[in-house]
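**Student:** Input: one structure, supplied below.
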Amino acid sequence: RYEPTWGSLDARPLPAWFDEAKFGVFIHWGVFSVPSFGSEWFWWYWQKEKREPYVKFMDANYPPGFSYEDFGPLFTAEFFDPNQWADILKASGAKYVVLTSKHHEGFTLWGSKYSWNWNAVDVGPKRDLVAELATSVRNRTDLHFGLYHSLFEWFNPLFLEDATNAFNTSKFPTSKSLPELYEIVTKYQPEIIWSDGDGNAPDTYWNSTGFLAWLYNDSPVWDTVVTNDRWGAGSICAHGGFYTCSDRYNPGRLLPHKWENCMTIDRGSWGYRRDARLRDYLPIEGLVEQLAETVSCGGNLLMNIGPTHDGRIAVVFEERLRQVGSWLEVNGEAIYGTKPWRAQNDTVTPGVWYTLTPKEGKVNAIFLNWPVSGILELGEPRAKPGETQVKLAGYRELLKWVALGEKGMVIALPQLTPQQMPCQWGWTLQLTDID
């Protein structure tokens with residue numbers, strides 16, 4: 001049994017499925033999807049920081065005295081089809097999904113008894129959105145279902161009172177945040193608890209170690225659940241299950257501890273925003289590059305989309321997810337269930353990332369640029385004449401190569417028309433019997 005101490009909790013082995021999964025989809029959905037302007041931090045930027053674009057937007061489009069709470073009934077979700085969402089998630093090739101059950105605004109996407117009249121069953125959709133998506137994902141896909149939960153809430157009076165008391169009182173976590181966590185785990189049995197938003201309060205204020213000890217010992221998901229590292233000020237990148245360290249964290253090197261790169265397809269926001277331009281969305285080439293780079297360095301990629309207030313996954317997000325899925329159909333062996341190799345990227349040719357398929361001892365070289373010459377030089381793999389074999393994923397014949405001894409090898413790529421290419425945006429060489 002795990003004790004409610006970081007020493008004990010941090011010693012828990014991470015359930016193996018998480019490292020093998022490599023790729024998940026993050027979904028930021030909530031009342032902030034109604035104004036869908038600027039950022040999911042809309043309420044804070046408008047009311048607390050009074051940022052000019054947000055104040056102007058409200059003055060121009062809403063009557064005087066309109067409050068953020070007035071957006072609640074406008075969060076309608078009339079087009080929300082959880083089966084369609086599940087099918088898109090499946091098509092993306094993702095192995096897990098993380099839904100924002102509650103963001104810093106405090107609105108819960110389930111009918112929480114600890115969030116009176118500020119939840120999706122009482123206000124807006126009048127539906128339990130968490131339950132609906134969980135059911136569809138579990139019925140239609142093999143994805144692991146996870147939930148994001150914000151510890152703090154920007155404007156909750158109990159939290160603000162505790163903050164004024166320098167967190168020497170704990171009215172908010174005991175009456176709101178912790179009961180919600182126990183509630184979602186018991187009710188929906190998520191296999192990921194993605195905690196966030198410590199409000200600059202220490203983990204002792206949140207009683208994070210007490211909750212995690214229950215989660216790992218006695219909860220319905222004690223053996224399969226994974227957690228991140230955002231459990232109070234100072235715990236990020238230091239305690240918990242996998243490390244996130246910061247948003248869009250991508251160190252570009254191998255780390256000793258399992259980590260996750262959570263990032264957004266829309267560079268400017270996690271929630272949906274109507275003011276996004278096409279150039280704000282990462283192109284598929286950039287997403288494939290992030291995936292290859294992250295996995296080669298031992299991380300998982302959690303790629304975020306923001307649905308609309310009426311429950312649609314915008315077509316640009318759907319297209320990106322389906323594109324990643326089509327790429328993974330060809331190159332998935334170089335991603336799923338792999339381990340980092342001795343080298344993460346190539347020393348001679350830029351844009352080449354390595355992974356290892358341990359069962360077959362196969363080294364995968366994911367290259368992002370097809371050389372004009374048709375010759376790819378790799379500085380890291382040491383080929384063995386007469387033994388080494390080189391395959392292009394999705395192409396049937398073996399490739400010809402020449403060993404350069406300590407300097408690596410050169411590989412002759414097949415001469416293919418664009419129509420003959422096994423995929424776009426990045427390709428995988430599978431190398432067997434190399435040093």
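**Student:** Might you let me know whether region 92-111 holds any residue that is in the same structural domain as residue 314 (by the TED database), surrounded by fewer than 24 Cβ atoms within 10 Å (Cβ to Cβ) and out of contact with any strand residue (DSSP E or B) (no Cβ under 9 Å at 6 or more places or on another chain)?
**Tutor:** The answer is no, given that none of the residues of region 92-111 is in the same structural domain as residue 314 (by the TED database), surrounded by fewer than 24 Cβ atoms within 10 Å (Cβ to Cβ) and out of contact with any strand residue (DSSP E or B) (no Cβ under 9 Å at 6 or more places or on another chain).
**Student:** Shifting gears a bit: Might you check whether a residue that is on the phi < 0 side of the Ramachandran plot and not in a helix (DSSP H, G or I) occurs anywhere in region 201-210? Before the answer, list the steps.
**Tutor:** Taking region 201-210 as the starting set, the residues that turn out to be on the phi < 0 side of the Ramachandran plot are 201-206, 208-210.
Narrowing the set further to residues that are not in a helix (DSSP H, G or I) leaves 201-202.
Yes, some residue in region 201-210 is on the phi < 0 side of the Ramachandran plot and not in a helix (DSSP H, G or I).
**Student:** For the condition outside the structural domain of residue 362 (by the TED database), closer than 25 Å to residue 85 by Cβ and among the hydroxyl-bearing types (Ser, Thr, Tyr), what is the one hit in 249, 272? Lay out the reasoning, then the answer.
**Tutor:** Working: 249 fails: closer than 25 Å to residue 85 by Cβ.
It is 272.
**Student:** Provide a single number: the residues in region 341-386 that are closer than 21 Å to residue 421 by Cβ, open to solvent by 10 Å² or more (accessible area, probe 1.4 Å) and among the aromatic types (Phe, Trp, Tyr).
**Tutor:** The qualifying residues number 2.
**Student:** Let me ask something else about it. Of these, 153, 132, which one is buried (at least 17 other Cβ atoms within 10 Å of the Cβ), outside any helix (DSSP H, G or I), on the phi < 0 side of the Ramachandran plot and of a type in the set (Asp, Glu)? Steps first, please.
**Tutor:** On the way: 132 fails: outside any helix (DSSP H, G or I).
So the residue among 153, 132 that is buried (at least 17 other Cβ atoms within 10 Å of the Cβ), outside any helix (DSSP H, G or I), on the phi < 0 side of the Ramachandran plot and of a type in the set (Asp, Glu) is 153.
**Student:** Report yes if some residue within region 168-188 is open to solvent by 40 Å² or more (accessible area, probe 1.4 Å), assigned to a loop (DSSP other than H, G, I, E, B) and under 21 Å from residue 48 (Cβ atoms); otherwise report no. Before you say what the answer is, go through the steps one by one.
**Tutor:** From region 168-188, those open to solvent by 40 Å² or more (accessible area, probe 1.4 Å) are 168-171, 174-175, 182, 186-187; that's our starting set.
Restricting the remaining residues to those that are assigned to a loop (DSSP other than H, G, I, E, B) gives 168-170.
Cutting the leftovers down to under 21 Å from residue 48 (Cβ atoms) gives us none.
Taking every residue of region 168-188 in turn, none turns out to be open to solvent by 40 Å² or more (accessible area, probe 1.4 Å), assigned to a loop (DSSP other than H, G, I, E, B) and under 21 Å from residue 48 (Cβ atoms).
**Student:** Residues that are in the same structural domain as residue 323 (by the TED database) and either open to solvent by less than 10 Å² (accessible area, probe 1.4 Å) or in contact with a Lys or Arg (Cβ under 8 Å, 6 or more places away or on another chain) (or both), at least 2 per element: which helices (runs of 4 or more DSSP H) completely within region 1-65 meet that?
**Tutor:** The helices (runs of 4 or more DSSP H) meeting that bar are 16-21.
**Student:** Ok, one more. Which pairs do you get when a residue that is part of a helix (DSSP H, G or I), found in region 304-317, comes within reach of a residue that is open to solvent by 20 Å² or more (accessible area, probe 1.4 Å) and of a type in the set (Phe, Trp, Tyr), reach meaning Cβ atoms under 7 angstrom, with the pair 6+ apart or on two chains?
**Tutor:** 316/281
**Student:** Output the number of the condition that residue 147 fails; it satisfies all remaining conditions of (1) in a strand (DSSP E or B); (2) touching a residue at least 60 places away in the same chain (Cβ under 8 Å); (3) not charged (D, E, K, R).
**Tutor:** Unmet for residue 147, out of (1) in a strand (DSSP E or B); (2) touching a residue at least 60 places away in the same chain (Cβ under 8 Å); (3) not charged (D, E, K, R): (2).
**Student:** Please specify each residue of region 288-340 satisfying the condition of being surrounded by 18 or more Cβ atoms within 10 Å (Cβ to Cβ) and of a type in the set (Val, Ile, Thr).
**Tutor:** Result: 288, 294, 295, 305, 308, 313, 324, 330, 335, 338.
The values are calculated or read from the model by the stated rules, or taken from the named source; none is laboratory data. Bear in mind that the values here come from a model prediction, so they are computed numbers and not experimental data. For neighbour counting, all protein chains shown are included, and Cβ atoms are generated from backbone atoms with ideal geometry for every residue, glycine included. These accessible areas exclude ligands, DNA and RNA; they are computed on the full protein's heavy atoms, side chains included. Shrake-Rupley method; radii C 1.70, N 1.55, O 1.52, S 1.80 Å.
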